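Below is one structure, written out as structure tokens; comments come after it.
The values are calculated or read from the model by the stated rules, or taken from the named source; none is laboratory data. Keep in mind the model is a prediction, meaning the values are calculated, not measured. Neighbour counts are summed over all protein chains in view; Cβ atoms, including those assigned to glycine, are modelled from backbone coordinates with ideal geometry. Areas reflect the complete protein model, heavy atoms only, side chains present, ligands, DNA and RNA absent. Shrake-Rupley method; radii C 1.70, N 1.55, O 1.52, S 1.80 Å.
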Amino acid sequence: QIEKVYAREILDSRGYPTVEVDVYTGDGYGSFSGFGRASVPSGASTGTNEALELRDGDERYGGKGVLDAVNNINTLIEADLVGMDVRDQREIDEMMIAMDGTESKMNLGANAILGVSLAVARAAADALNIPLYRYLGGTNSFTLPVPTMNVLNGGKHAGNDLAIQEFMIQPKGAENYAEALRMGVETYHELERVLVDKYGPSSTNVGYEGGFAPPISLTIDALDALLIAVENAGYSQSDVTIGLDAAASEFYDGRHYLIDGKKMSSGELVDYYLELINTYPIILIEDPFHEESFEDFATLTSEAWETLIVGDDLFVTNVDRLSRGIELGAANALLLKVNQIGTLSEAFDASLLAQRSGYSVVVSHRSAETEDSTIADLSVALGADLIKTGAPARSERTAKYNQLLRIEEDLGEAAQYVQL
Ligand code: PGA
Ligand code: ZN
């Protein structure tokens, strides 16, 4: 049973405060048998419909302190959780949702609720002495997702003029996850050389997620640099493919999309994407349109039926929004971010609905992360097709990629790398 819940304020990878939670389990007589610690990520290009991150809004840290959220855990949530069975994840999550009482989790804060939700799962796995991925997914969790690595940054994540936020690579052609990781890293390092040669040494300064942020403004120039890097690393365009996160809400002005120095209507943007897909080995486009444009998503999904069209800000890991998307045929993949919805159980619900409806699941980090690697275990537990957790550099990103190496090792012969 849960003996103690304790939260503190720590820093995320952008140097802003976030919530960390410790959960202790024991026999009820003061001796601890299980321990779980988890911390909460934070986005920059956040969707309007995401669950609410509680920030203090006072003079500390420019208003971004999270002491109110921490306090909610250490008083209200702790009081209700102590004595509960740590394995009752869903009951615990539902209790916190009810205690908060709002759609957006604004009272307790989605950051408070999520921190507890994740730490509870970790404590349960520890108390039962089984790896987290197996606790969450059971014995049938044996697939390692394809990493979609963000190697070149634009949009809100970088200081250049690229409209598209993320240029990602997928080492699809690997035999196993460890090899995939190596292929991705080799390509990342080749990209560094390509960019230095073409745009000078400052072009390999990095964005929020560790991808390079070169002074490029045209989408195709970034894509061309990627293709050269793949070739220089010795891989074919079918072994290492390309994905984009347009994060298009960020370059939509309410009527048009501002991209490559042009103003495009949504119809023109559909054609633009189709042309890119025909020219480059692009297998995935996330948030190609702004966050309310279900119809435009549906149009592109039906025209580019072989491409993964991923809904991030569109779905915000929310079952209701995902259901609406499924009805309309908007997108064919769900980006799953635990902090968009605020509990592990609700994230599971979204994943299950996606998979039952033939949608792929892409488990994702946020642009501000911590050393917490829970999403790596979660991606295996859910049987996700892909995991997106930034460049294969910077410790808050490699924490997740490295954890997947350990999971693959733990699974041994049973491990299978997802074939997209
Ligand atoms: P965010 O970006 O964490 O800043 O929202 C990630 C994404 O858009 O996928
Ligand atoms: Zn996104």
Positions within segment 367-384 being open to solvent by 10 Å² or more (accessible area, probe 1.4 Å), more than 16 Å from ligand 1 (Cβ to nearest atom) and either assigned to a helix (DSSP H, G or I) or not small (Gly, Ala, Ser) (or both), in sequence order: Glu371, Ala381, Leu382
If you take the residues of segment 37-55 that are within 12 Å of ligand 1 (Cβ to nearest atom) and of a type in the set (D, E, K, R), which of them is surrounded by the most Cβ atoms within 10 Å (Cβ to Cβ)? Glu53
Restricting to segment 120-134, what's the tally of residues that are part of a helix (DSSP H, G or I) and either open to solvent by 50 Å² or more (accessible area, probe 1.4 Å) or without any contact (Cβ under 8 Å) to a residue 24 or more places away in the chain (or both)? 4
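Condition check ((1) within 16 Å of ligand 2 (Cβ to nearest atom); (2) free of Cβ contacts under 8 Å to residues at least 40 places away in the same chain) across all residues:
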{"position": "Ser266", "(1), (2)": "no, yes"}
{"position": "Tyr273", "(1), (2)": "yes, yes"}
{"position": "Tyr280", "(1), (2)": "no, no"}
{"position": "Glu286", "(1), (2)": "yes, no"}
{"position": "His290", "(1), (2)": "yes, no"}
{"position": "Thr299", "(1), (2)": "no, yes"}
{"position": "Ser302", "(1), (2)": "no, yes"}
Pairs, please: C-beta under 8 Å, at least 6 apart or cross-chain, first residue in contact (Cβ under 8 Å) with a residue 40 or more places away in the chain and within 13 Å of Lys337 (Cβ to Cβ) and in segment 349-369, second open to solvent by 10 Å² or more (accessible area, probe 1.4 Å) and away from ligand 1 (no atom under 15 Å from the Cβ)? Val362/Asp385; Val363/Leu382; Glu369/Ala399
Check off (1) within 16 Å of ligand 1 (Cβ to nearest atom); (2) open to solvent by less than 40 Å² (accessible area, probe 1.4 Å) for Ser117 and give me the number that stays unchecked. (1)
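Is it true that some residue in segment 347-364 is of a type in the set (Lys, Arg) and buried (at least 22 other Cβ atoms within 10 Å of the Cβ)? Steps first, please.
First, the residues of segment 347-364 that are of a type in the set (Lys, Arg): 356.
Still in the list and also buried (at least 22 other Cβ atoms within 10 Å of the Cβ): none.
Within segment 347-364, not a single residue is of a type in the set (Lys, Arg) and buried (at least 22 other Cβ atoms within 10 Å of the Cβ).
Could you tell me how many of the residues in segment 59-92 are open to solvent by 60 Å² or more (accessible area, probe 1.4 Å) and assigned to a loop (DSSP other than H, G, I, E, B)?
Total meeting the criteria: 4.
Taking Gly83, is it out of contact with any helix residue (DSSP H, G or I) (no Cβ under 6 Å at 6 or more places or on another chain) and under 26 Å from Ala127 (Cα atoms)? Steps first, please.
Details: out of contact with any helix residue (DSSP H, G or I) (no Cβ under 6 Å at 6 or more places or on another chain): yes; under 26 Å from Ala127 (Cα atoms): yes.
In short, yes.
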Taking the condition under 27 Å from Leu191 (Cα atoms), surrounded by 19 or more Cβ atoms within 10 Å (Cβ to Cβ) and either among the aromatic types (Phe, Trp, Tyr) or in contact with a Ser or Thr (Cβ under 9 Å, 6 or more places away or on another chain) (or both), does Thr389 pass? yes
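For segment 319-366, which helices (runs of 4 or more DSSP H) that fit wholly inside it have 2 or more residues that are touching a strand residue (DSSP E or B) at 6+ places or on another chain (Cβ under 7 Å)? Please lay out each step first, then the result.
Details: elements: 319-328, 338-341, 344-356.
Passing ranges, in order: 319-328, 344-356.
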Any residue that is open to solvent by less than 40 Å² (accessible area, probe 1.4 Å), within 20 Å of Gly311 (Cα to Cα), more than 16 Å from ligand 1 (Cβ to nearest atom) and not acidic (Asp, Glu) - is there at least one of those in segment 283-294? yes
Quickly run through segment 211-259 and pick out the residues that are more than 16 Å from ligand 2 (Cβ to nearest atom) and assigned to a strand (DSSP E or B). Phe212, Val240, Thr241, Leu258
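Can you tell which of Ser364, Ser323, Ser345, Ser357 is within 16 Å of ligand 1 (Cβ to nearest atom), out of contact with any His (no Cβ under 7 Å at 6 or more places or on another chain) and of a type in the set (S, T, N, Q)? Walk me through it before giving the result.
On the way: Ser323 fails: within 16 Å of ligand 1 (Cβ to nearest atom); Ser345 fails: within 16 Å of ligand 1 (Cβ to nearest atom); Ser357 fails: within 16 Å of ligand 1 (Cβ to nearest atom).
Only one candidate passes the filter, namely Ser364.
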Which numbered condition in (1) of a type outside the set (Phe, Trp, Tyr); (2) within 16 Å of ligand 2 (Cβ to nearest atom); (3) not in a loop (DSSP other than H, G, I, E, B) is the only one that Ser45 fails? (3)
